[in-house]
1. Quick check, is residue 47 under 22 Å from the mean Cα position of the chain (by Cα), at pLDDT below 90 and under 23 Å from residue 108 (Cβ atoms)?
2. Just checking: which of the strands (runs of 3 or more DSSP E) contained wholly in the stretch 5-115 hold 2 or more residues that are free of Cβ contacts under 8 Å to residues at least 60 places away in the same chain, buried (at least 21 other Cβ atoms within 10 Å of the Cβ) and touching a helix residue (DSSP H, G or I) at 6+ places or on another chain (Cβ under 9 Å)?
3. Go through (1) farther than 30 Å from residue 33 by Cβ; (2) modelled with pLDDT of 95 or more one by one and return the number of the condition residue 145 breaks.
4. For the stretch 206-221, what are the residues that are within 24 Å of residue 104 (Cα to Cα) and free of Cβ contacts under 8 Å to residues at least 60 places away in the same chain?
5. Being touching a helix residue (DSSP H, G or I) at 6+ places or on another chain (Cβ under 6 Å) and within 16 Å of residue 204 (Cβ to Cβ), is that true of even one residue in the stretch 224-245?
6. Just checking, how many residues over the stretch 196-205 are within 13 Å of the chain's Cα centre (by Cα) and either in contact (Cβ under 8 Å) with a residue 60 or more places away in the chain or buried (at least 24 other Cβ atoms within 10 Å of the Cβ) (or both)?
7. Taking strands (runs of 3 or more DSSP E) that fall entirely within the stretch 126-198, which contain at least 3 residues that are farther than 17 Å from residue 111 by Cα?
8. If you scan the stretch 133-143, which residues turn out to be buried (at least 21 other Cβ atoms within 10 Å of the Cβ) and either over 12 Å from the mean Cα position of the chain (by Cα) or closer than 15 Å to residue 177 by Cβ (or both)?
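The values are calculated or read from the model by the stated rules, or taken from the named source; none is laboratory data. Small disclaimer: the values here were computed from a predicted structure and weren't measured. Every residue, glycine among them, receives a Cβ derived from its backbone with ideal geometry; neighbour counts consider all protein chains shown.
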């Protein structure tokens, strides 16, 4: 794929407005040492590659199909900046990703997903990620939504880790209403590999948060960590299902889910651990409840209002 230094589809103002919603400017994309991709609906507004990184993007109806390859032994030093978004109030954006990390390669991606005006927007992401021996792939997904609660997000991924591979993903909503988030990730870990999946989300009004994350520790000495930090208030709902299986000697894992519930919100957590080898071990911890009263009293004693104290405690949970 050749670089697109300026917008080729749509007005340049669409690029500026989309970047502005994530507190970035077009000038920030001119660093020749930093790869980037900006997609509005199904149009590529800008892109830039760096040595060791290959990207082939096909524009399809309501989205794109992207094939990403990191060459063997390539180390992409600066985080790759990706922006997926839609400025209209209604519509669908579908992102189909095929990611392959060559042996001993290393990459970090920061994906900004922005739907600042959403009233009825669906963002669908389907990914297949293959990480070869000794490679490392980190994916940080940060969302900006509108205030109407009309955004529906469906991230789905199948991840395969070979010997010594590393995979880490983080999902966080940094601005706006959740709407509906329905995460579905499944990872299979080979020998000496490790996975870490983290979600930090705060929902209110009638937001719905669903997380379904599964890790299979099938390789000797593989490692897995599933980490959820959720806060819901008003009438929001959260349903968290985290599952780790271990079937190899030396496999180790931990499932950790903490949820704060306020008002008439409802939260559920189902940590599932399954061990089928005597030399494997998985632990889990789940905690659901209101804001800790001792923390609340301590902060209020220092001059904070109850509302501000609760907000600070939730902020600490989601850090």
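1. Judged against the criteria, residue 47 is not a match.
2. 36-40, 43-48
3. (2)
4. 215, 216, 218, 219, 220, 221, listed by residue number.
5. The answer is yes; a qualifying residue exists.
6. Count: 4.
7. 151-161, 180-189
8. 135, 137, 143
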